[in-house]
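Notes to accompany the following structure.
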Amino acid sequence: MISILIPCYNYPSVKLVEALYKQCKSAKIAFEILVSEDAGYQFLRDNNKINSIENCHYKIQKTNLGRAGNINRLINWAQFETKLILDCDVMPKQDHFIKTYIKISKQHNAIACFGGICYQKISDKHNLRYNYGVKREAKLAKKRQKKPFKYLLTSNILLVNINQLFDKHIKTYGYEDLVFSNQLYKKNTKVLHLDNPVYHCNLESNKTYLTKTETAIKTLIKLEKLNILNPGQTNISKLYHNLKRLYLHKVLLLLNPIISQKAYKFLLLNGKPLWLFDLYKLFCFCKNY
């Protein structure tokens, strides 16, 4: 028995639901696929087709709660103790994707399991989201398992008998995965990494991704100031606070108007290198802290 939970916002999700439905039927299991539209306004008519598929439900919410709050709605809506959370813009890589997770759910009383993220090759080598995903997110389970909480993402995560909600303070984009991972760590939750990946399909434009990145940095700063995350829990935050202790953050503030703007324009056109993207995030952090 499994509840598949898909938080959605302005994204076509029918093909994902159809693929999951086909695998669930093949596995001969009790299942439900729940899709929650977080007060979106696009693809509503198309996504409404989900309601015509057996055991599949698409609900349009009137209030936007952000990804974390939307997932909490789905968790409370679900009827089964085994839950699979998937982003709406992914697609299982393997035909035995669901069967693999069902096997794991039968082997453990309580566990969080991350199957991984992967990317299909594209011709556009200047897409920042693709370059970041391939270099920073698409890691094999063997590597991820060495630091299980660091590499835990909730875009493809199985929760077996774990009733942990996402932090309600996170209303905007960014870092809900890190906060959720911290919560599991504090509860000494067992975390397993598998090579059971999904393709991340929605490769935003460089402009959109850079805008979302700045939003995420502001979210990170807010979470630190609310003491939900400790200063230094991310590489960008750690570097900033180390520089601040040496009073070098003032140099960043002075250089920010020049370097940040040039870095933005370069990344907008080229989508790399990632060290420049890291530098851009550091300047965003410094500017908004």
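Nothing in this text is a laboratory measurement; each read-out follows from the coordinates by a stated rule. Everything numeric here is computed off the predicted structure, so don't read it as measured data. FYI the Cβ positions are ideal-geometry reconstructions off the backbone, even for glycines, and counts take in every protein chain you see.
To the nearest 10 degrees, how steep is helix 176-186 against the longest Cα principal axis of the chain, on a 0 to 90 scale? That works out to roughly 80 degrees. The spread of Cα positions in the chain, taken along each principal axis and listed from longest to shortest, comes to 61, 40, 37 Å. Scanning the chain for cysteines with no neighbouring cysteine C-beta under 4.7 angstrom from their C-beta gives 24, 56, 113, 118, 201, 284, 286. Here residue 139 is the anchor, and the aspartates and glutamates within straight C-alpha reach of less than 16 Å, apart from those fewer than 8 places off in the same chain, are 195.
With each run of n ≥ 4 DSSP H residues scored as -39500 (n - 2.57), what mean residue ellipticity at 222 nm is computed for the chain after dividing by its residue count and rounding to the nearest 500 deg cm²/dmol? The partial results should precede the final answer.
Numbers: 11 runs with 129 residues, N = 289.
Only helices count here, giving -14000 deg cm²/dmol.
Scaled to the globular estimate 2.2 N^0.38 Å, the Cα spread of region 86-245, given as radius of gyration, is 1.09.
The alpha carbon convex hull volume per residue for region 49-153 rounds to 175 Å³. When both region 53-85 and region 125-141 are represented by their alpha-carbon centers, they are found 28 Å apart. May I ask which of 22/106; 168/212; 22/125; 171/225; 28/150; 187/244 have a Cα-Cα span longer than 24 Å here? Over 24 Å Cα-Cα: 22/125; 28/150; 187/244. Peptide packing for 158-171, 74-87, 1-14, 263-276 was compared via the average number of neighbouring C-beta atoms within 10 Å per residue; ordered from the highest value, the list is 1-14, 74-87, 158-171, 263-276.
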